[in-house]
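Everything on this sheet refers to the single structure shown next.
The values are calculated or read from the model by the stated rules, or taken from the named source; none is laboratory data. Since we're looking at a predicted model, the values are computed, not measured. Ideal geometry is used to build each Cβ from the backbone, glycine not excepted, and the neighbour counts take in all protein chains shown.
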Amino acid sequence: MKNAVLSDLAVELHWHRSDPSLTTGQYSNAHTVKYNRTHELQVDAAPDWGGDPENTNPEQALAAALSSCHMMTFLALCAKAGWPVASYHDYAEAHLGKNAKGQMSVTRIDLNPVVRFDTGFAVDQAQLDEMQDRAHRYCFIANTLADSVEINVN
């Protein structure tokens, strides 16, 4: 049985060579990624790989996708549980290194969510940890990445 496609989500990527030739170490990786045909993002290689630090890079975009998906899943679970979340902040960090095959990869992504609730509402640390764990288990992006995610609840 084939997997059912529930949704196709796409971006447009555009790169053009601005250098005279495509020579190793002599060309720019800078490109644009367009979301929904209206929101354009300047992307480049990570600074350690010669990219412009003013632009985002694919590794940051991956961390952002995971952080965003995790937050939306967490909020959906909290709404269902009646937890009045007032704010949510995360500092997501992608770590580059060599994987078990010796290939460069994003070896781990750390999420550091900080959740604040409406005045007068509180949950204990164990409940908050369990809700964050549930959000991780249900997050589409986390399920795609498997075991390379750590959640450090603050």
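Looking only at segment 87-127, how many residues end up being within 14 Å of H70 (Cβ to Cβ) and either of a type in the set (A, V, I, L, M) or in a strand (DSSP E or B) (or both)?
Filtering segment 87-127 for residues within 14 Å of H70 (Cβ to Cβ) gives 88-94, 109-115.
Next, from what is left, pick out any that are either of a type in the set (A, V, I, L, M) or in a strand (DSSP E or B) (or both): 88-89, 92-94, 109-111, 114-115.
Total meeting the criteria: 10.
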Filter result for L96 (closer than 29 Å to V11 by Cβ, outside the structural domain of V11 (by TED's automatic domain parsing) and modelled with pLDDT of 95 or more): no
Subset of segment 75-109 (residues that are closer than 17 Å to A63 by Cα and among the hydroxyl-bearing types (S, T, Y)): Y88, Y91, S105, T107
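Just to be sure, is A63 in contact with a strand residue (DSSP E or B) (Cβ under 9 Å, 6 or more places away or on another chain), closer than 25 Å to C139 by Cβ and assigned to a strand (DSSP E or B)?
no
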Residue match in segment 13-33 (condition: assigned to a helix (DSSP H, G or I), more than 13 Å from the chain's Cα centre (by Cα) and not assigned by TED's automatic domain parsing to the domain that holds T144): no
Tally of residues being surrounded by fewer than 12 Cβ atoms within 10 Å (Cβ to Cβ) and either modelled with pLDDT under 90 or within 15 Å of L75 (Cβ to Cβ) (or both) across segment 117-132: 1
